[in-house]
Every structure is written in C-alpha cells, then in structure tokens.
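Participant: My questions all concern the structure below.
The values are calculated or read from the model by the stated rules, or taken from the named source; none is laboratory data. This structure is a prediction, so every number in the text was calculated from the model and none was measured. Please note: Cβ atoms are built from the backbone with ideal geometry, for glycine as well, and neighbour counts cover all protein chains shown. Keep in mind that these areas ignore ligands, DNA and RNA; they rest on the heavy atoms of the full protein, side chains included. Shrake-Rupley method; radii C 1.70, N 1.55, O 1.52, S 1.80 Å.
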Amino acid sequence: MRLHSGKPSTQGLRDAIRRVARLCALVALLPISTEGITQPHAPVTGTTEAASSSKGPSPPAYNVGPTISAATIVLFASLALGLLCINRKRARVLKSAEEQRALLEALIDASDDMIFFKDRDSRFRLINRAAAHVLGHPPEDILGRDDGDFFSAEEADAFHAADQRVLSSGLTQRIEERVRQADGHYERYETLKSPVTLPDGTVLGLLGVARRLSEERQTSDRLRLAAQFFNNAAEGITITSPDGVIEMVNPAFTRITGYSAEEALGQTPKLLHSGRHSDAFYQRMWDSLAQNGRWQGEIWNRRKSGEIYPEWLDISPVRNDQDQLIHYLGIFSDISAAKTSEAQLEHMAQHDALTDLPNRSLLNDRIATAIRRASRDRRTVAIMFLDLDHFKDINDSYGHETGDTVLKHVAMRLHECVRDEDTVARLGGDEFVVLMEDIEDAEQADQAAERILASLIPPIGQNGQEFFIGASIGVSLYPRDGDSVEALLRNADTAMYQAKQLGRNNAQRYCAAQTETTRQRVKLENGLRHAINNEALDVWFQPQVDLHSGELIGFEALCRWTDPEHGPIPPSIFIPLAENNGMIVPLGALVLRKSCAQIRRWREAGFIPPRVAINVSGRQLRRLDFLGDLCGILEEERCRPEWIEIEVTESDILKDAEPAIATLHGIREMGISLSLDDFGTGFSSLSYLKRLPINTLKIDRSFIDGLPNDTNDRAIVQAILAMGRSLGIQVLAEGVETPAQVAALRLMGCSTAQGYHFGRPALAETHLDRLACA
C-alpha cells in the first residue's frame, strides 16, 4: 500500500547528526583560558610594578591570542549531546513508524475486502491490492484518478453521488452496490463508507471498505426478497403439495377470495370452484400443465361471499435439484375491473357515443346474423334507412349542442316505436337505420315506417324553442332487394334519396330503377364537387331595369355550371343537389367572390356598373362566421360594400328568423343593401317583414306569369306593391317576359323589373355595351 505522496526518508536527520559531530571536533582543538576569560596582552608600567610589589610576586604573563572559556565548551558539548540523543530517538520513532506502516500495508493488502481512501473530489489516494484487482490496474496507475476512468459514466456518477452523500452527511453509511469486475461481469458488494476528518473538523475524504456478498448472504437476501414479495404481492399466491393440498397462501389470497389462511390450509383449490367450468375443462388444464410444464388462462372462481369473479391464473410446478415435483405454485389476479373495462370498451366500440344506439359495426354484424337466420327459416328482413330532413339547419343555427339534444330525442322516439327485437342504429350525423327481422311481408315494413314518421310529428322542445323534425325513409327487403349487408344498406339508402326527391317526410321502397337514378346523382355530386374545388363554375349577370325609363339599374349574379361529361346543368338541378349534400356553402362563397372580382374588373376598365345582387343561401346566412367571411371577400377583392346587394329568400329567413334577422342587420350595418327574393311563395309573416332591414322586395315570377289576365295574380301583385309603398321598400318584379306584363306592372305602379324581356343572363363581357351607355 502506498500513499499518492510517496514514502518519507530519514536521510536529512542523519546529515544533521554528522554536521553536529564535526562541530564538536573543531571546538576541542581551540585554546582554553584557566581564568575562563579572554584578555589582550598589556605592557608593564611603574604604577603597575609598585602595585605589584606591594602585593607580592606577580604570576608569570603569557603572550597568547584569543581564548574560549570552559563554560562555552561545555555548552556546545551539551548541545551536541542533546541533539545526538534527540536524533537517535527520532530515528527510532521513524523506524517504528515505518515498521507500523509496513505492517499496516501488509494487513490491508492481505484483506480480501476492497479498501480505499478517496479525497473530497472522489480521487483515489490509497487503495489495496484487492480493490486494484477489481479495477484491473496496478495501484500506482489508480492513485490520483477517479471512478470515471474505470467505470461507465452512469456507474461512475452513481458512485460519486454516494460518496458525496457520505461527505455531506458526515455519517458512516452502509451501501449495497453493483460493481463491474475487470472481466466485465458484475458482483454485488456491501460497502461501508465513512468520512475522514481532522480534529478541527476539516474533511479529508472518505474511507471505503467493500465486501463481496457471499453466496449464503445472497441466498438469504433472495429468500428475504421472496418472502417480501410473497407477503406484499398484489396477486394471490397459492402453494400446494403435489397432490393438490394447499400448504401456503399469501395475504392477497385472503383479500381476493375472502378465505383466511387458516380456512384455506389443508383444503384443495376446489374450495374456490364456481361451477361455471366442466370437469373436462379442468382435465384439459392439468393435461396442458403436464405436457407444457405450465398453464395459464382465464378462469371463473367463487369468493367466500358466494360472488363469482373472473381471474387470470398461472400454474407452474416446483421441482427440487433431483427434478422431483415437490409443489405446485399458483399465482392469480382478480380481473373483474379489467373485465368491466373491457366490456365498457367493447360497448363503446359498438355503440354511438351520443345516443348509445348500435353503430355501423354492430349493425352490420346484426344484419349479417339476421340474413343467416332468414335464409335458414325462409323469412324476410327489412332495412329502413332514415335521414332527418333539414337537420343541418338546426346545427348551423343553434349549434351542435342543440343538434345533439335533438338527435337524442329522435333516438328515443325511434326506439319506442319499434319492437323489442328490432335494432335501431345510428350511422352518424342525422342518419339512422332500423333493422326488422322475421317480418311477414313488405306491408309490415311499410306500417313500421309510417309509425316512425308519426313518432316524429310532435315538436321537440329545447331551451324554450320547438323544433319540428321530419324524415325521409328508404326501405329495402331481404331477399328481394339484396342478399348481403352492403347491398341491403346501399339500396335502402337509394330509396331514401328517392323519398327526398318526392318531397321529403315520406317513406319509399327500393326498386331497381332507383339505382340508375342514384348513380347519376352520385356522378353529378362528384362533378359538382370537382367544379367547386377547381372554380369551374361561371357567374352570369341578368340586367334589372327601370320600367318607366328603361335604364339599367342593376344586375343579378346567377351561377351556371357546364359539366364536361353532361354539358350544361340547369340551376334547378345542381342548386338543390348542393343544398342536400352541404356543398351550398362553398358554392355560395365562390359565387360571391367571383361576383365581387367582376365588379372590380368592370370598374378598372372604366365602367361604372350599377349595384349587383348576389344570392346567399340560408345555410350560409346561418353560419356564425358569415359576416367575417363576407368582410374578408370584400377586402381581398377590393370591392366596396355599396357596390353589391345581398339577396336572400323568404323561406330561408323564416326557418330560423331570430338569428337570420340579427345577421341581416349586421349586413346592413356594413353598408350593403338587402333584397328579399321569392316574396309571397312561402308562409309570409308580416310581423317578421317589418323587422327585416331590407331595401327591396322581389315579386316571385309565379305571380307575374298570370298577368295581365289572372285576377288572383293581379290582386297579389297589387297587394305586395301597396305593402312596399307603405313600408318604404322598393318592389322589383321577376320573370317579366312580355310587353303586356310590362304594361300591367306599370299601371299597378311597379317601377323596376327583370326578366327575359329586358335581357337574358349572360357572361360579363356580353353587357359591356349596355354598361357603356349606363
């Protein structure tokens, strides 16, 4: 064992002794005075002789140089002797210290324990051979280095952290550490670390003694750990003899089963049998255990309280060193909570989260099962595909929370008006499906559809508001309309669209002719979607004129679509199509943007076009972000608000009057004019009309067609004109096509009109001449 500073030497002391000896020899050669003093030589005078003669004869005088007294010599000799004794004593002490140090080194190196001393920076300053052997380096290569030079960074950090805890606490600590050996394998050590301090409290470092844990100690530790696991495990543990008698159970066994250890010991696992499993089940279990050396699986057992519960059981044999079976070990856990969660997850995976009705996945399974049973028993299955009419208007106007409440009410009504054995499912959105098994004929399905329609007639109340819900229902039958889940659902969906085409709120049975209609509709939908995405629709403009002067007073922007495959598609076809599938919002935004852009281009070309009326659908109007979108389009296209007029239909406003009126007021505050289209064709409400901030009423063309001969049309037109004058609202007649209609309108006091008589809708370039004259 060596300190990092090296072994001290006594050579300096020996040199000092030799120097003192030489000094003593030099002093011995010097002259000595008997008087003990040194005097200079003096001459003889008369006075002196007289004095001398009076006292007697004088001693002889010596003529010598300077002398050293005897006292001085004795002093030097004493000092030399003292130093010699001190040095001899020190030499003996040093020799004894070296012998003790050598003995200590031998003792430390002879120890099989790792012994080391580290300074406050965790650098090795002393280490014995056992510790150096573990590190795989000679002691002189280790001193002055730290753990980071011999272990991985993670291990070195752990050792350093332990060292610092000991140094900071000032207390001896016992630590179990896992130490990598020089050959790479690991051993466990019990290390005693103690701080080393000076009497004044200064910390020099720490002393460590590490002992490899013996096999007996490790075995003892493992047994203690096993006992702790046995007693504290969350799983129940049962140890039986080879013949199945319970010999030991842990506390978790009691907690799960309710049986105490005293009640279970001496019994067999049959104590827990639930009766759910047959003898064959248990025989297969033991056969598997014998063949595979282990069995694990789900099993149902009975608690002491009588409650049956599921558990996951793992059984394995325990053998001794002679491979003799001495025990069976059973470890089990109560999986009741997991089973409940699993059932909940399965329910969630197969049911609609909002209404708790079966979803599409579970519906498909049930339809497939119904088809198999119907095929075997030669019975009929009915599929009713139901879509709520105008439900999107509720969502857009009142928000999804209100819409969700309405859907829950609809689900309850559907469930109440079908048989217990029937299935009501929600596919998503406002689409529901009813599965009816074992019906006699198609008429029974028709009667069920009528009951469903009748159940939806009463209004649904929510937050003081009443909602009237209708539905379009399509019916398909097995085996007539299909022999697969996909075919029956597809054909019921087709029949449902047929019901919508026939006015909604009715039920239609599937027929083969509907398939072709549906295919054409799907093609048109896809074509329209592509046209909107690619901005492939055109905006045409129809002039509006003053009936008295014939001057151009405005335009109405109208959307036109030419499909590459089908050619021009009339607005009466693609506008309802867009309304039904939700494309009316992006379509309306496209028309609004293109119209504003054209107005700007006209003005950039030097024309001053009159105000342009742009149609906005009710679904656009009810969107909460409509005003923001409108402002954004005007700003992006550099179109001033007074250059356009927003045109809405009476029916769209009255579907959801209050929010619509608020939006219309917002539009007017932006400086945009408003016109009300198709006035008189719906359930006109004068109380609402007086609250609408509109500038123009447009008389629907259905009242213009009968002029001048139809007295009813003439009376309606006169009433609308009178109401407009009373409310201070301009009235414009639509669909004017003949001079007679123009003359009749003039006589009744109508001042503005539009129709084929004044000009057909056409592209913007067609109106340049008229704009030049405006």
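Participant: Which lysines have a Cα less than 16 Å from the Cα of Lys304, not counting those fewer than 8 places away in the same chain?
Facilitator: The reachable lysines, counting only those whose Cα sits under 16 Å from Lys304, are Lys270.
Participant: Amide H to amide H, which residues 5 or more places from Ile699 or on other chains are under 5 Å from it, using H placed in the peptide plane?
Facilitator: Leu732, Ala733, Glu734
Participant: Over region 304-387, what is the mean sequence separation of C-alpha contacts under 8 Å (at least six apart), divided by residue count, expressed as relative contact order in percent?
Facilitator: It comes to 17 percent, rounded to a whole number.
Participant: Quick one: length gained pulling Thr202 to Glu466 fully straight, 0.36 nm per residue minus the C-alpha distance?
Facilitator: Extra length from Thr202 to Glu466 when fully extended: 86.3 nm.
Participant: Only one of the listed values, (i) 55.9, 196; (ii) 30.8, 100; (iii) 36.3, 117, was derived from the coordinates as Rg and Dmax of the Cα atoms in Å; which label is it?
Facilitator: Working out Rg and Dmax of the Cα atoms in Å from the coordinates points to (i).
Participant: Could I ask something else about it? Step through the residues of region 642-647 one at a time and calculate ³J(HN,Hα) from phi using the Karplus curve (6.51 cos²θ - 1.76 cosθ + 1.60, θ = phi - 60°), rounding each to whole Hz and writing x for Gly and Pro.
Facilitator: Per-residue couplings from phi come out as 6, 7, 10, 9, 8, 10 Hz.
Participant: Follow-up. Please turn the phi angles of region 419-425 into ³J(HN,Hα) values with the Karplus equation 6.51 cos²θ - 1.76 cosθ + 1.60 (θ = phi - 60°), one per residue in order, whole Hz, x for glycine and proline.
Facilitator: In residue order, the calculated couplings are 6, 4, 7, 7, 10, 10, 10 Hz.
Participant: Find the centroid of the Cα atoms in region 539-604 and in region 739-774, then give the distance between the two in whole Å.
Facilitator: Region 539-604 and region 739-774 have Cα centres spaced 17 Å from each other.
Participant: Nearest 5 is fine: what % of DSSP beta bridges in the chain come out antiparallel, could you say?
Facilitator: 80
Participant: Carbon-plus-sulfur fraction of the accessible area of region 510-560, 1.4 Å probe, in percent?
Facilitator: So the carbon and sulfur contribution to the accessible surface is 49 percent.
Participant: I would also like to ask the following. For region 717-724, in order, what is each residue's ³J(HN,Hα) by Karplus, 6.51 cos²θ - 1.76 cosθ + 1.60 with θ = phi - 60°, in whole Hz (x at glycine and Pro)?
Facilitator: With the stated coefficients, region 717-724 comes to 4, 4, 5, 5, 5, 5, 5, x Hz.
Participant: Still on this model: If amide H atoms are built 1.01 Å from N in the plane of the peptide, which residues on other chains or at least 5 residues away come under 5 Å of the amide H of Asp438?
Facilitator: Thr380
Participant: Further, regarding this structure: Do you know the relative contact order of the chain, to the nearest whole percent, from alpha carbon pairs under 8 angstrom that are 6+ apart?
Facilitator: Computed value for the chain: 6 percent relative contact order.
Participant: Starting from the Cα of His530, move 7 Å in the Cα-to-Cβ direction to define the label point; list residues of region 550-578 whose amide nitrogen is under 12 Å from there.
Facilitator: Only 563-567 fall inside the zone, counting backbone N under 12 Å.
Participant: What whole-number distance in Å separates the alpha-carbon centres of region 282-313 and region 657-672?
Facilitator: 72
Participant: Helix 11-28: angle to the longest alpha-carbon principal axis of the chain, degrees 0 to 90, nearest 10?
Facilitator: The helix 11-28 is inclined about 30 degrees to the chain.
Participant: Something else now. Sketch the reach of a paramagnetic label on Glu658 as a point 7 Å from Cα along Cα-to-Cβ, and name the residues of region 397-413 whose backbone nitrogen lies under 18 Å away.
Facilitator: Only 397-406 fall inside the zone, counting backbone N under 18 Å.
Participant: Which whole-angstrom value gives the distance between the alpha carbon centres of region 150-179 and region 369-397?
Facilitator: Answer, in whole Å: 72.
Participant: Can you give me the distance in nm between label points at Thr562 and Glu262, each placed 7 Å from the Cα along the Cα-to-Cβ direction?
Facilitator: Here the modelled spin labels are 10.0 nm apart.
Participant: Rounded if a/c is under 1.5, else prolate if a/b is larger than b/c, else oblate: which is region 135-290, with a ≥ b ≥ c the root eigenvalues of its Cα gyration tensor?
Facilitator: Because a/c hits 1.5 or more and a/b exceeds b/c, region 135-290 counts as prolate.
Participant: Roughly what would the spin-label model give for Ser220 and Arg379, points 7 Å off Cα along C-beta, in nm?
Facilitator: Result for the modelled spin labels: 7.6 nm.
Participant: Describe numerically, in nm with one decimal, the distance between label points set 7 Å from Cα along Cα→Cβ at Leu325 and at Ala743.
Facilitator: Result for the modelled spin labels: 11.6 nm.
Participant: Also, quick follow-up: Search the structure for amide H atoms under 5 Å from the amide H of Ile553, placed 1.01 Å from N in the peptide plane, and list their residues when 5 or more places away or on another chain.
Facilitator: Long-range HN contacts for Ile553: Gln544, Val545, Asp546.
Participant: Still on this model: Any idea what the relative contact order of region 351-505 is, in percent, if you count C-alpha pairs under 8 Å spaced at least 6 apart?
Facilitator: Rounded, it is 30 percent for region 351-505.
Participant: Restricting to region 547-691, compute how many DSSP beta bridges are antiparallel as a %, nearest 5.
Facilitator: 20
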